[in-house]
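The block underneath contains the structure these notes are about, expressed in structure tokens.
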Amino acid sequence: MDKTARLASNIIDSVAKAVANWTVDEHKVINPYLPARYGTRWREDWTGHTLGVLHMLAQSVAVRSAELFSHSMRWTHESFKARGVDEIDLLQNAETMREILSKELPPPVHQTTLPIVDAALDDIRAKRSGELAAEAGETSEKEAILTYLTAILESDGAAAEATIMSALDRGVSVPEIYESILAPAQTRLGQMWHRGEINVADEHFGSATTQAVMSRLRPHFKPAPAKNRLMVGTSTPGDLHEIGLRMVVDLFELDGWNVVYLGANTPIADLIEFLERRRPDLLALSVSTALMLRDAGELIECIRENAQISTTKVLIGGPPFRCVDGLWREIGADGCALSATQAIALGNQLVNP
Ligand code: B12
């Protein structure tokens, strides 16, 4: 066994307890949610985990095997994940431990140790990227979704925008960018938030960036010849989701319709007055959460009971309609589409059968 490696290994074991405690303290500074997420024993549990990782690192350094450490880290992460520990927390813990080791270990020990830790961290990150891509769903733009999401997670708006503009340069059309990159990326952000992998600030940044990118695409719109049809798009009162709705309205515009995008959350009385004034052929109503279904039904009833606008076609859509078939009939809409592209086909049918 290499003597320098063995010495480095012993040094790691001898400082392991102090490094584990320091790592957990620093990790809590980066991620203040740890106590709330992992209960009263969170500190002991995380210190024990970090200590185990350090002892395994010491063994891997002794035999100079980055592969051994990577393998053991992967295994540990799998087993902790299966017991409800968040992968992001495990990665943050390992990254924090790496920083502490780089400060605590004497330089000759660095040289044998840090490359081994870095190789394992790269391995875990690469695996995580692979999972992100796999979970992004069946789309030809997996790579772009992944790059876009990575930019969002790094709060790098310029990189996110560059990803979309380069897709445009490759010949990906605006509807494809919406449906195959931006929409799945937003859905994925929703899943990550749901699992506690990102917080609301990250989601807000993603949603704001997606809307900014959509605005940047406007100069590249090439609408079909005008159809002399008017549609108005909004969401149910109280519904704050606007991105899906905006995609729908933009695609109607590209299809040659005159469009009025009201944004989300228009009060019922003001919407009715607006419809009386503008008399659109179609109202596109977005319902993003099941909590808004009853209000959407009441809004459609108000339209049906108003002689001036009772014949306005109401097209409805949003995530709740993906979960339950035929829900749209129950709330009195004329039709329902599950994507912006489907919405255009159905809107044209409804207005000019
Ligand atoms: C971003 C987001 C938010 C942001 C919205 C910011 C913004 N400026 O838009 C904020 C933080 C405000 C938010 C809040 C909430 N949200 Co939210 N949110 C999301 C998230 C992560 C992404 C939404 C999005 O942009 N999607 C991308 C677009 C393109 O997809 P889409 O909306 O589905 O639209 C497509 C189709 O549905 C269809 N479509 C959409 N509208 C229309 C309209 C018509 C007429 C047609 C034909 C088609 C159509 O075409 C679009 C393009 O293909 C989703 C996750 C997800 N899976 O979508 C949750 C999600 C929509 N939210 C959800 C929930 C529960 C909430 C909250 C209640 C959370 C809470 N506890 O506070 C609140 C409700 C606030 C409110 N009063 O509205 C749930 C809804 C579950 C359900 N089925 O009922 C989701 C699905 C997350 C989840 N899986 O639990 N949210």
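The values are calculated or read from the model by the stated rules, or taken from the named source; none is laboratory data. Bear in mind the structure is a predicted one, so any value in this text is a computation, not a measurement. Please note: Cβ atoms are built from the backbone with ideal geometry, for glycine as well, and neighbour counts cover all protein chains shown. The protein model used for the area step is the full one, side chains on, heavy atoms only, and it has no ligands, DNA or RNA in it. Shrake-Rupley method; radii C 1.70, N 1.55, O 1.52, S 1.80 Å.
Would you pick out the residues in the stretch 10-68 that are open to solvent by 50 Å² or more (accessible area, probe 1.4 Å), outside any helix (DSSP H, G or I) and of a type outside the set (Lys, Arg)?
32, 33, 40, 63
Among the residues in the stretch 291-299, are any at pLDDT below 95 and either of a type in the set (Lys, Arg) or closer than 21 Å to residue 256 by Cβ (or both)?
yes
Would you check which residues across the stretch 280-303 are part of a strand (DSSP E or B) and among the hydroxyl-bearing types (Ser, Thr, Tyr) and list them?
If the condition is that a residue be part of a strand (DSSP E or B) and among the hydroxyl-bearing types (Ser, Thr, Tyr), then 286 is the only one that fits.
Hey, does the stretch 280-287 have a residue that's away from the ligand (no atom under 11 Å from the Cβ) and crowded, with 20+ Cβ neighbours inside 10 Å? Before you say what the answer is, go through the steps one by one.
Our first condition is that a residue be away from the ligand (no atom under 11 Å from the Cβ); within the stretch 280-287, this holds for 280-281.
Within this subset, residues satisfying the condition of being crowded, with 20+ Cβ neighbours inside 10 Å are 280.
Within the stretch 280-287 (the criterion being away from the ligand (no atom under 11 Å from the Cβ) and crowded, with 20+ Cβ neighbours inside 10 Å), the answer is yes, since at least one residue qualifies.
Are there any pairs with C-beta distances below 7 angstrom linking a residue in the stretch 197-213 that is assigned to a loop (DSSP other than H, G, I, E, B) to a residue that is among the charged types (D, E, K, R) and open to solvent by less than 50 Å² (accessible area, probe 1.4 Å), with the two at least 6 apart or on different chains, and if so which?
197/86
Could you check the stretch 258-279 and list, in sequence order, the residues that are within 14 Å of the ligand (Cβ to nearest atom) and part of a loop (DSSP other than H, G, I, E, B)?
Within the stretch 258-279, 264, 265, 266, 267 qualify.
Quick one: is residue 179 more than 26 Å from residue 81 (Cβ to Cβ) and either acidic (Asp, Glu) or in a loop (DSSP other than H, G, I, E, B) (or both)? Lay out the reasoning, then the answer.
On the way: more than 26 Å from residue 81 (Cβ to Cβ): yes; either acidic (Asp, Glu) or in a loop (DSSP other than H, G, I, E, B) (or both): yes.
For residue 179, the condition - more than 26 Å from residue 81 (Cβ to Cβ) and either acidic (Asp, Glu) or in a loop (DSSP other than H, G, I, E, B) (or both) - is met.
Specify the residue that is nearest to residue 272 (Cα to Cα); the eligible residues are those in the stretch 313-333 that are surrounded by 21 or more Cβ atoms within 10 Å (Cβ to Cβ) and of a type in the set (Val, Ile, Thr). First the steps, then the outcome.
The first filter runs over the stretch 313-333 and keeps only residues surrounded by 21 or more Cβ atoms within 10 Å (Cβ to Cβ), leaving 314-318, 328, 331, 333.
Within this subset, residues satisfying the condition of being of a type in the set (Val, Ile, Thr) are 314, 316, 331.
On the way: 314: 13, 316: 16, 331: 17 Å.
Taking the candidates together, the pick is 314.
Which of the following residues is without any contact (Cβ under 8 Å) to a residue 24 or more places away in the chain and either more than 14 Å from the ligand (Cβ to nearest atom) or open to solvent by 20 Å² or more (accessible area, probe 1.4 Å) (or both): 302, 336? Spell out how you get there, then give the answer.
Details: 302 fails: without any contact (Cβ under 8 Å) to a residue 24 or more places away in the chain.
The conditions single out 336.
Pairs needed: first member in the stretch 88-105, within 12 Å of residue 46 (Cα to Cα); second member anywhere, outside any helix (DSSP H, G or I) and not charged (D, E, K, R); C-beta distance under 6 Å; at least 6 residues apart or different chains.
If the second residue must be outside any helix (DSSP H, G or I) and not charged (D, E, K, R), the pairs left are 92/31.
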